[in-house]
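Asker: Sharing a structure with you now.
The values are calculated or read from the model by the stated rules, or taken from the named source; none is laboratory data. Small disclaimer: the values here were computed from a predicted structure and weren't measured. When we count neighbours, we look across all protein chains shown, and the Cβ atoms used for this are built from the backbone with ideal geometry, even at glycine.
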Amino acid sequence: MSDYRIASIPGDGIGVDVQIEARKVLDRAAGQYGFSLQWTEFDWSCERFATSGTMMPDDGIEQLAGFDQILLGAVGFLGVPDHVSLWGLLIPVRRAFAQYVNLRPVRLLPGTTSVLAGRGAEELEMVIVRENSEGEYSTIGGRHGSGAGEFAVQESVFTRVGVERIIRYAFELARTRSGNVVSATKSNGIIHTMPFWDEIFAEIAAGYPDVHSEQCHIDALAARMVQQPERIDVVVASNLFGDILSDLAAAVTGGLGMAPSGNINPAREHPSMFEAVHGSAPDIAGQGIANPVAQILAGSMLLEHLGELDAARAVSTAVEKVLAAGEVATPDLGGKATTAELGTAIADALGGYQSDRK
Ligand code: NAD
Ligand code: IPM
Ligand code: MN
């Protein structure tokens with residue numbers, strides 16, 4: 001029997017609530033499919049920051065390095081500036097472990113509705129391949145001057161290696177799906193980095209004659225995602241553009257409570273980290289009403305990455321079964337169920353082995 005060591009970082013706000021449910025479901029699936037998940041929980045969060053002054057210990061990255069994978073709830077809470085909490089935990093983990101692919105698949109599931117009128121479950125399915133290690137998320141720049149003359153400068157960094165590897169990943173992925181990839185760009189307005197991205201995209205596209213490729217300005221692509229989402233399958237985008245498009249893609253496929261995310265280290269030299277696309281949602285934190293599906297589907301991605309493909313599929317099938325039945329749904333899905341009730345219903349839909357987590 002395989003034992004996997006998984007680092008669990010519930011984090012802040014609803015991150016804590018949804019992670020309990022994902023662990024409940026994953027433990028049940030593991031028991032059924034003959035492996036075990038050995039969880040080690042870390043209390044790294046804004047609460048920790050408030051008492052100790054840091055989001056994680058100085059050797060946090062070394063502590064995580066020995067794990068097979070990481071499951072993250074969400075980080076960020078009122079009282080700690082977001083750039084402090086996120087640059088103190090999430091972003092360093094992504095970078096230290098070369099998790100340069102942020103894979104964000106979305107799909108409208110049977111039993112859920114899209115904000116887009118008249119769209120059926122089979123019509124909305126896409127995946128955002130977001131560059132996750134460089135681009136607009138840089139520390140280069142600063143604030144200068146004072147008073148009315150004060151200004152801030154932020155430099156983006158796009159490296160050939162960084163751009164090539166994410167675009168190539170998207171083309172390889174497109175080959176396993178519809179064979180369509182669209183690059184989100186803004187080369188009409190951002191004159192150094194974006195034409196560079198476009199050029200590399202065109203070079204790589206030439207090596208994939210079997211994949212239909214297209215470059216689309218991010219603004220037009222955002223409109224297409226709402227008006228003609230069926231024309232979109234694999235989207236490759238820079239760090240910031242991919243971030244924005246992934247919330248939009250989530251919104252059109254049932255909401256932020258439904259969208260999982262994997263920070264992938266493709267070489268498997270380091271752990272990958274799985275989380276929801278959404279954040280810690282301070283507006284509903286502590287109420288027990290967050291939708292745990294995004295985190296549970298992130299757990300399914302984690303299992304897939306471990307190579308436990310049957311268990312991964314069983315988890316996503318259990319989610320689909322419960323949502324299609326429509327009896328247990330959190331408020332964002334139009335129901336009255338709590339986070340725990342939906343998590344338990346999904347675990348129970350797996351059937352079989354009963355774990356001791358309730
Ligand atoms: P958010 O995703 O937390 O919330 C946006 C809206 O969606 C809120 O109205 C929230 O109630 C709703 N929502 C989100 N997830 C939901 C769920 N599972 N079920 C039901 N409703 C849900 O975005 P925000 O408000 O911009 O950010 C809040 C905090 O989270 C900030 O500190 C931000 O920096 C942080 N954040 C962290 C991560 C992460 O750790 N990966 C990701 C995004 C945002
Ligand atoms: C996400 C989040 C983070 C990001 C923030 C919280 C730094 O929005 O994971 O999508 O932009 O990467
Ligand atoms: Mn985001």
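Asker: Tell me, which helices (runs of 4 or more DSSP H) wholly within the range 270-350 include 2 or more residues that are within 16 Å of ligand 3 (Cβ to nearest atom)?
Answerer: Values: elements: 293-306, 309-325, 339-350.
Those helices (runs of 4 or more DSSP H) span 293-306.
Asker: Tell me, which helices (runs of 4 or more DSSP H) wholly within the range 179-255 include 1 or more residues that are over 15 Å from Glu164 (Cα atoms), of a type in the set (Ser, Thr, Tyr) and within 16 Å of ligand 1 (Cβ to nearest atom)? So that I can check it myself, show each step before the final result.
Answerer: On the way: elements: 193-206, 218-227, 239-252.
Helices (runs of 4 or more DSSP H) meeting the threshold: 239-252.
Asker: Inside the range 88-127, can you point out the residues that are within 15 Å of ligand 3 (Cβ to nearest atom) and either assigned by TED's automatic domain parsing to the domain that holds Gly179 or part of a loop (DSSP other than H, G, I, E, B) (or both)?
Answerer: Of everything in the range 88-127, those that are within 15 Å of ligand 3 (Cβ to nearest atom) and either assigned by TED's automatic domain parsing to the domain that holds Gly179 or part of a loop (DSSP other than H, G, I, E, B) (or both) turn out to be Leu89, Gln99.
Residue-by-condition table, conditions (1) without any contact (Cβ under 8 Å) to a residue 60 or more places away in the chain; (2) more than 19 Å from Leu248 (Cβ to Cβ); (3) crowded, with 16+ Cβ neighbours inside 10 Å; (4) not assigned by TED's automatic domain parsing to the domain that holds Leu240:
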| position | (1), (2), (3), (4) |
| --- | --- |
| Val157 | yes, yes, no, no |
| Ala170 | no, no, yes, no |
| Asn180 | yes, no, yes, no |
| Thr193 | yes, yes, yes, no |
| Gly207 | yes, yes, no, no |
| His212 | yes, yes, no, no |
| Ala220 | yes, no, no, no |
| Gln228 | yes, no, no, no |
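Asker: Kindly indicate the residue of the range 137-178 that is part of a helix (DSSP H, G or I) and among the hydroxyl-bearing types (Ser, Thr, Tyr) and also nearest to Thr193 (Cα to Cα) among those meeting that condition. Please lay out each step first, then the result.
Answerer: Here is the first cut: in the range 137-178, the residues part of a helix (DSSP H, G or I) are 147-149, 160-176.
Now restrict to residues that are among the hydroxyl-bearing types (Ser, Thr, Tyr): 169, 176.
Values: Tyr169: 19, Thr176: 29 Å.
Selected residue: Tyr169.
Asker: Filter the range 24-42 down to the residues that are under 12 Å from Tyr4 (Cβ atoms) and of a type in the set (S, T, N, Q) and list them by number.
Answerer: Ser36, Gln38, Thr40, listed by residue number.
Asker: Has the range 36-57 got any residue that is at pLDDT 95 or above, polar (S, T, N, Q) and touching a Pro at 6+ places or on another chain (Cβ under 7 Å)?
Answerer: Checking the range 36-57: not a single residue is at pLDDT 95 or above, polar (S, T, N, Q) and touching a Pro at 6+ places or on another chain (Cβ under 7 Å).
Asker: Still on this structure, I have one more. Any idea which of Leu78, Leu89, Leu72 is modelled with pLDDT under 95 and within 15 Å of ligand 2 (Cβ to nearest atom)? Steps first, answer last, please.
Answerer: Details: Leu89 fails: modelled with pLDDT under 95; Leu72 fails: modelled with pLDDT under 95.
Checking each option against the conditions leaves just Leu78.
Asker: Does any residue of the range 288-302 turn out to be modelled with pLDDT of 95 or more, assigned by TED's automatic domain parsing to the domain that holds Gly79 and over 22 Å from the mean Cα position of the chain (by Cα)?
Answerer: Initial filter on the range 288-302 (modelled with pLDDT of 95 or more): 288-302.
Right, trim to assigned by TED's automatic domain parsing to the domain that holds Gly79 and you get 288-302.
Going one step further and asking which of them are over 22 Å from the mean Cα position of the chain (by Cα), we end up with none.
No, the range 288-302 contains no residue that is modelled with pLDDT of 95 or more, assigned by TED's automatic domain parsing to the domain that holds Gly79 and over 22 Å from the mean Cα position of the chain (by Cα).
Asker: Taking the residues in the range 11-53 that are in a helix (DSSP H, G or I) and among the polar types (S, T, N, Q) as candidates, determine which candidate is surrounded by the most Cβ atoms within 10 Å (Cβ to Cβ).
Answerer: Going through the range 11-53, the residues in a helix (DSSP H, G or I) turn out to be 14-33, 46-52.
From what's left, among the polar types (S, T, N, Q): 19, 32, 51-52.
On the way: Gln19: 28, Gln32: 16, Thr51: 8, Ser52: 10.
Looking at residues that are in a helix (DSSP H, G or I) and among the polar types (S, T, N, Q), I get Gln19.
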